[in-house]
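S.K.: Mind looking over this structure? Questions follow.
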Amino acid sequence: MIPITILVEDTTENFEYSCAKGLSIYINTKEQKILMDTGPNSTFIKNARKLDIDLTQVNTLILSHAHKAFNGGLNHFCKINKDSQIVIQNTDFEKYYLIKGKSKKNITPKLALKNLPRIRMINNPAQITTNSWYIPCTVHQYGTPKKNQFLYRKTPSKFVQDNFAHEGIFVIDDDGELVIFNSCSHNGVINSIESAKQFFPNKRLRSYVGGFHFPYKDNESLPPDDMRNLDEIIDYAKVNQNLRFFTGHCTGKPAIEYLQNGIGRNRVLKFHSGGFYTV
């Protein structure tokens with residue numbers, strides 16, 4: 001089993017630990033200390049100190065995708081950790097936006113120029129440790145979140161809907177079982193899992209960790225498209241009976257409860273800032 005600590009997330013069960021809209025996961029593998037994302041600001045560092053986690057000892061920082069909620073704290077990380085490798089799927093430093101009607105919000109992180117040379121742009125699967133890889137999403141036949149429709153990237157001439165080619169999947173082969181991390185799952189949960197299975201054939205699925213991008217609030221109804229997507233995940237989980245899900249951030253309470261009712265509360269767990277889990 002792999003111990004993880006949620007350094008920052010939208011919610012907390014212990015108010016000693018601060019929240020922020022985003023995600024940062026500390027992964028303590030047998031081979032390396034790995035950080036998956038930083039969240040939107042320096043909150044992950046403050047929580048790490050309270051948790052006695054030394055971020056100067058992190059060997060690898062994996063940036064799941066190029067949105068501020070996940071790597072807005074990169075400049076803060078680079079100030080305290082001078083040696084770790086930093087990897088992201090190739091973004092070509094494009095600009096990313098959340099656009100709803102006339103509202104247009106830039107969600108691209110502001111990266112200090114001096115830190116850019118440290119970032120390793122990945123175009124193909126990249127080996128991180130002996131038993132872990134950072135891979136692109138290569139399967140696209142299953143459902144994707146409806147709210148992707150509001151996310152765009154800016155080209156030289158116009159805004160186009162984001163295709164999330166900049167979103168990567170971190171996969172650990174832990175004694176023959178796959179533990180999969182994907183902070184926001186814009187490309188879809190099952191597409192991400194099947195991409196990992198394609199890369200690691202004949203391995204048993206154990207855990208999927210990350211947000212599912214169904215960010216509906218308590219008083220919101222799940223739209224039909226996402227209901228079908230959730231039902232697809234439930235059916236997939238029934239076939240893959242050993243697979244457990246650890247989720248939060250962009251997975252709201254209505255979606256989590258729907259998944260828990262369909263899959264089981266012991267297999268769908270909500271994580272929080274400051275929370276410790278074994279996956």
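The values are calculated or read from the model by the stated rules, or taken from the named source; none is laboratory data. Model, not experiment: these values are computed from the prediction. Cβ sites come from the backbone with ideal geometry, for glycine too, and all protein chains shown count toward neighbours.
S.K.: Name the pairs whose Cβ atoms lie under 7 Å apart, with the first residue in the range 221-243 and of a type in the set (G, A, S), the second part of a helix (DSSP H, G or I) and surrounded by 13 or more Cβ atoms within 10 Å (Cβ to Cβ), and 6 or more positions between them or separate chains?
M.R.: Pairs that qualify, where the first residue is of a type in the set (G, A, S) and the partner is part of a helix (DSSP H, G or I) and surrounded by 13 or more Cβ atoms within 10 Å (Cβ to Cβ), are A237/I263.
S.K.: From the list D226, D231, D235, exactly one residue is in contact with a helix residue (DSSP H, G or I) (Cβ under 6 Å, 6 or more places away or on another chain), at pLDDT 95 or above and acidic (D, E). Which is it?
M.R.: When all the criteria are applied, what remains is D226.
S.K.: So K79 fits all but one of (1) free of Cβ contacts under 8 Å to residues at least 60 places away in the same chain; (2) crowded, with 18+ Cβ neighbours inside 10 Å; what number is the exception?
M.R.: (2)
S.K.: Of all residues being among the basic types (K, R) and either at pLDDT 95 or above or in a loop (DSSP other than H, G, I, E, B) (or both) in the range 105-119, which is surrounded by the fewest Cβ atoms within 10 Å (Cβ to Cβ)? Just the residue, please.
M.R.: Looking at residues that are among the basic types (K, R) and either at pLDDT 95 or above or in a loop (DSSP other than H, G, I, E, B) (or both), I get K110.
S.K.: Where in the range 132-198 are there strands (runs of 3 or more DSSP E), lying fully within it, with 3 or more residues that are farther than 22 Å from I256 by Cβ?
M.R.: So the answer is 132-136, 151-154, 159-161, 168-174.
S.K.: Further question: If you check R206, R265, R228, which single one turns out to be part of a helix (DSSP H, G or I) and among the basic types (K, R)?
M.R.: Just one listed residue meets the conditions, R228.
S.K.: Being in contact (Cβ under 8 Å) with a residue 12 or more places away in the chain and in contact with a helix residue (DSSP H, G or I) (Cβ under 9 Å, 6 or more places away or on another chain) is true for just one of Q57, Q85, Q89. Which residue is that?
M.R.: Q85
S.K.: So, in the range 97-132, how many residues would count as being in contact with a Gly (Cβ under 6 Å, 6 or more places away or on another chain) and under 30 Å from G176 (Cα atoms)? Spell out how you get there, then give the answer.
M.R.: Initially, the range 97-132 is screened for residues in contact with a Gly (Cβ under 6 Å, 6 or more places away or on another chain), giving 109.
Next cut, under 30 Å from G176 (Cα atoms) only: none.
Matching residues across the range 97-132 total 0.
S.K.: Additional query: Given (1) crowded, with 16+ Cβ neighbours inside 10 Å; (2) over 16 Å from the mean Cα position of the chain (by Cα); (3) polar (S, T, N, Q), identify the lone condition not met by T56.
M.R.: In the conditions (1) crowded, with 16+ Cβ neighbours inside 10 Å; (2) over 16 Å from the mean Cα position of the chain (by Cα); (3) polar (S, T, N, Q), T56 misses (1) alone.
S.K.: So, one more: Kindly provide the set of residues from the range 231-247 that are assigned to a loop (DSSP other than H, G, I, E, B), in contact with a strand residue (DSSP E or B) (Cβ under 7 Å, 6 or more places away or on another chain) and either surrounded by fewer than 17 Cβ atoms within 10 Å (Cβ to Cβ) or among the aromatic types (F, W, Y) (or both), ordered by number.
M.R.: Passing the criteria: N240, N242.
S.K.: From I88, I99, I62, I128, grab the single residue that is aliphatic (A, V, I, L, M), in a strand (DSSP E or B) and farther than 19 Å from D37 by Cα.
M.R.: Every option except I99 fails the conditions.
S.K.: Here's another thing I want to ask about it. Can you find, within the range 171-224, the residue that is nearest to the chain's Cα centre (by Cα) among those that are among the polar types (S, T, N, Q) and within 20 Å of I27 (Cβ to Cβ)?
M.R.: Going residue by residue through the range 171-224, those that are among the polar types (S, T, N, Q) are 182-183, 185, 187, 191-192, 195, 198, 202, 207, 219, 221.
Imposing the further condition that a residue be within 20 Å of I27 (Cβ to Cβ) reduces the set to 182-183, 185, 192, 195, 207.
Working: N182: 4, S183: 1, S185: 6, S192: 11, S195: 15, S207: 13 Å.
Of everything passing the filter in the range 171-224, S183 is nearest to the chain's Cα centre (by Cα).
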